[in-house]
1. In the calculated pair distance distribution of the stretch 34-134, what percentage of Cα-Cα distances lie above 15 Å?
2. Provide the solvent-accessible area of residue 29, counting protein heavy atoms only and rolling a 1.4 Å probe, rounded to the nearest 10 Å².
3. Please arrange 165, 33, 48 by accessible surface area, largest first, computed with a 1.4 Å probe and ligands excluded.
4. For the stretch 44-92, compute Rg over Rh where Rg is the Cα radius of gyration and Rh is the Kirkwood radius from the inverse mean 1/r over Cα pairs.
Amino acid sequence: AQIRAAFALGEPTAPIAWNAETWRAELEVAQLHGLQGLLFAVMETRPHDKIPSDVYAILQEQMRRSTLAQALAYRELDALCDFCEAQNIPFVVLKGAALAKTLYPRMALRPFGDVDVLIQPQDADRLGDLLLAPGMQGHSEMATGFRPAYLSELRFYSLPPVSAHVYFHCGVRVV
């Protein structure tokens, strides 16, 4: 109800008056589900003197961290976009990185821990070979003997100090 009241989703609702215990309980739930950004946005619509200082400080710090993590992820994504365009490899940015810029009033409200990109299956081997050269490290969870024909995802992470994770999806499965 608090998120609906803060974002005017659907029918307008009146904000609920929360006490300190409720704020702490909602913070715990938000952390469990990765919704701290949305709870932070709710918090910004309320008088700060009605919010426990520990909850306020935690949410403020988590938003700061989310903003910094996204700045690093978008820096990696920009470099990756330039790289794929230079190699003439078509791609589509998926999930968190795409949604944060298109559906949320502020990008930091949609946290994400990695970058997901859709590529054509025929580009997977070439892209994998090319990415290993400029400072990316491949990552595989496949067992020995796993047939690459079944592979639908390539995983890479950039080497420190940035260490962003990039997942290249090589197809879309309709479930």
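The values are calculated or read from the model by the stated rules, or taken from the named source; none is laboratory data. These numbers come from a predicted model, not from an experiment. Quick note on the areas: whole protein, heavy atoms, side chains included, nothing else; ligands and nucleic acids left out. Shrake-Rupley method; radii C 1.70, N 1.55, O 1.52, S 1.80 Å.
1. Roughly 67 percent, rounded to a whole number.
2. The accessible area comes out at roughly 70 Å².
3. 33, 48, 165
4. 1.35
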